[in-house]
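The values are calculated or read from the model by the stated rules, or taken from the named source; none is laboratory data. The structure presented is a predicted model; accordingly, all values stated were derived computationally and were not measured. When we count neighbours, we look across all protein chains shown, and the Cβ atoms used for this are built from the backbone with ideal geometry, even at glycine.
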Amino acid sequence: MDRDSCMIQMLLYYDNTLMNLHAHAVRQLLWTWYTAATLDRGTQHLMDKKKNPAGSVDLLHGPILRSLIIFMLPVFISNIFQQFYNVADTALVGNYLGENALAAVGSVSSIFEFLVFFSQSLGVGLSIVVGREFGKGDMDRLKRAVAGSIVVGAVVCFILTTLVILGMRPFLVLIKTPKEVLPDSYAYISVIGTFIIVMFIYNLCSGILRAIGNSVMPLLFLIFSSALNIVLDIVMLRVLHMGVVGTAIATVAAQGVSAVCCFIYIERRVQLIIPEKKHFRYDRALYTELASQGIAMASMGSIVNMGSIILQIGINSLGATIIAGHVAARKIYFILLTFSSAMSTAVANFVSQNRGANNRDRILEAIRQSHIFNVVTTVVMVICMQFFAKSLVALISGSDNETILRNGTAYLQFCTFFFVPLLEILILRNSLQSLGSKIIPMISSGIELAGKILFTLVFIPKFGYNAVIACEPIIWVVMAVQLLYAFYNDPYISVSDSL
């Protein structure tokens, strides 16, 4: 299969994914987009709690499942395109630069995931507080929450960027990055890490829009920037011959365009959430809540990805061929998660708003319906991977190496059998955060970290890549049990209906 054919098949795969969406849901999506684009700006400052600004989905009233699906569809497509950033880098690197370059990107994939999830989690954590204030209907408090989110996020990103600039190279040596790929690995991840503020700006803007029920506009900006990412990748690799650094620059530039578009939309069309100078005045209680919620959410994601980085040490010790197969499988794995991740985002925003409005019964019903969703989704994923896993690994890796294809296929086929506990983790952990719980989700992440340390130190040296495959599914089962118990015993959820 030549390179152009690989790219055409990859693009057709994503096109078919989007074309298969239910027609009714697409009509609802377009209607929401239309209302967002045509809303009279003069009425934006007059918010009735029964109405939603700028094409937002009403999560406080009406059928629950319908609202969740309409809200999650744009998030799902956004997640697809967000993963498309990294998948495009991987596919282009593998097809145009070869297996060593693919291994260079793969050896830092866990760090890349850490940076992406940190910025996403920080934005989600801050927007949870914004969503609660929106649910209460207090516009002045809402603007203060937005202002505080900007300040807290900027400070956290400055600290993280400084750490990346000063400590990335010794850290790559510490996690046993193979010497033959170390220069390219460092060059790639340094560009991504230095500009993490770009990822955060987009995730904060889109998170705030989603917090008030608008999940369509972040999607539209991301579609445009994803297309731009592919174009820039090709230019960087085939025209400018910039190697893996070029793919990192393309990713950052595309994210930057998305962030700028999102900011401009908010400034022009959703003025009711734009803070004024007075809203930036320090409010200790609010800033404490924002910092604790944002950092707790980011820390939760950081602990999870720290575990992935530790697991990466064990994977890196198995050699470049194993790394290449694993990174291809992980890209597909994250694509598979996009649909369920979108539902977890929808449920988190739903819980946040309804917690602010004190609608406990709606929260419980949403969680019940999400359990059913998890089972159905898992069955579909298992069936798909039994038939298509090997072809997808070959497409993403651009390789016909039998070891790469065999390991990547085994990883995907085994892990999808355990998607029910994984999807429960995604939904329950975010829901607990939305209810205001900060410690329980971090305990869950701590379980994951401890499990990955155990596998890296004990099982991977003895059982090789088979231990890598089994590591996460076993941990997911333990985490899901803990989170189910914690959610249904949360003080707000477990209170007697008679009270």
*asked:* Quick check on the range 433-450: of everything there that is small (G, A, S) and buried (at least 21 other Cβ atoms within 10 Å of the Cβ), which residue is nearest to N354 (Cα to Cα)?
replied: S434
_Of all residues in the range 118-145 being within 30 Å of I313 (Cβ to Cβ) and in contact with a Ser or Thr (Cβ under 8 Å, 6 or more places away or on another chain), the one that is surrounded by the fewest Cβ atoms within 10 Å (Cβ to Cβ)_ = F118
*Condition met for P178 (surrounded by fewer than 22 Cβ atoms within 10 Å (Cβ to Cβ) and outside any helix (DSSP H, G or I))*: yes
*Residue under evaluation V380, criteria (1) free of Cβ contacts under 8 Å to residues at least 12 places away in the same chain; (2) assigned to a helix (DSSP H, G or I); (3) farther than 22 Å from W476 by Cβ, criterion not met*: (3)
*Which of the following residues is in contact (Cβ under 8 Å) with a residue 12 or more places away in the chain and either of a type in the set (F, W, Y) or more than 25 Å from I313 (Cβ to Cβ) (or both): L412, L423, L449?*
L423
*asked:* For the condition more than 22 Å from V257 (Cα to Cα), crowded, with 22+ Cβ neighbours inside 10 Å and modelled with pLDDT under 85, what is the one hit in G148, G213?
replied: G213
*Filter result for F171 (hydrophobic (A, V, I, L, M, F, W, C) and surrounded by 21 or more Cβ atoms within 10 Å (Cβ to Cβ))*: no
*Which of (1) of a type in the set (S, T, N, Q); (2) under 24 Å from L290 (Cα atoms); (3) assigned to a helix (DSSP H, G or I) is the odd one out, the single condition N214 does not satisfy?*
(3)
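So that you can scan it fast, the table gives a plain yes or no per residue for (1) in contact with a helix residue (DSSP H, G or I) (Cβ under 6 Å, 6 or more places away or on another chain); (2) over 21 Å from S344 (Cα atoms):
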{"site": "V379", "(1), (2)": "no, no"}
{"site": "D400", "(1), (2)": "no, yes"}
{"site": "Q413", "(1), (2)": "yes, yes"}
{"site": "I425", "(1), (2)": "yes, no"}
{"site": "N430", "(1), (2)": "yes, no"}
{"site": "S444", "(1), (2)": "yes, no"}
*Considering the range 151-168 alone, what residues qualify as being crowded, with 20+ Cβ neighbours inside 10 Å and among the small types (G, A, S)?*
G153
*Is at least one residue of the range 383-405 within 30 Å of R355 (Cα to Cα), modelled with pLDDT of 90 or more and of a type outside the set (A, V, I, L, M, F, W, C)?*
no
*asked:* Being at pLDDT 80 or above and farther than 22 Å from I197 by Cα is the filter here; which residues of the range 164-177 pass it?
replied: P170, V173, L174, T177
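Conditions tested, residue by residue: (1) buried (at least 20 other Cβ atoms within 10 Å of the Cβ); (2) at pLDDT 85 or above; (3) assigned to a helix (DSSP H, G or I); (4) in contact with a Ser or Thr (Cβ under 6 Å, 6 or more places away or on another chain).
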| site | (1), (2), (3), (4) |
| --- | --- |
| H241 | no, no, no, no |
| V244 | yes, no, yes, no |
| T247 | yes, no, yes, no |
| A254 | yes, yes, yes, yes |
| V260 | no, yes, yes, no |
| I264 | no, yes, yes, no |
| E267 | no, no, yes, no |
| K278 | no, yes, yes, no |
*If only one of A357, A346, A328 is of a type in the set (G, A, S), within 25 Å of N489 (Cβ to Cβ), surrounded by 24 or more Cβ atoms within 10 Å (Cβ to Cβ) and modelled with pLDDT of 80 or more, which one is it?*
A346
*What about T161, is it modelled with pLDDT under 90, of a type in the set (S, T, N, Q), in contact with a helix residue (DSSP H, G or I) (Cβ under 7 Å, 6 or more places away or on another chain) and outside any helix (DSSP H, G or I)?*
no
_Lone qualifier among R362, R368 - being touching a residue at least 40 places away in the same chain (Cβ under 8 Å) and among the basic types (K, R)_ = R362
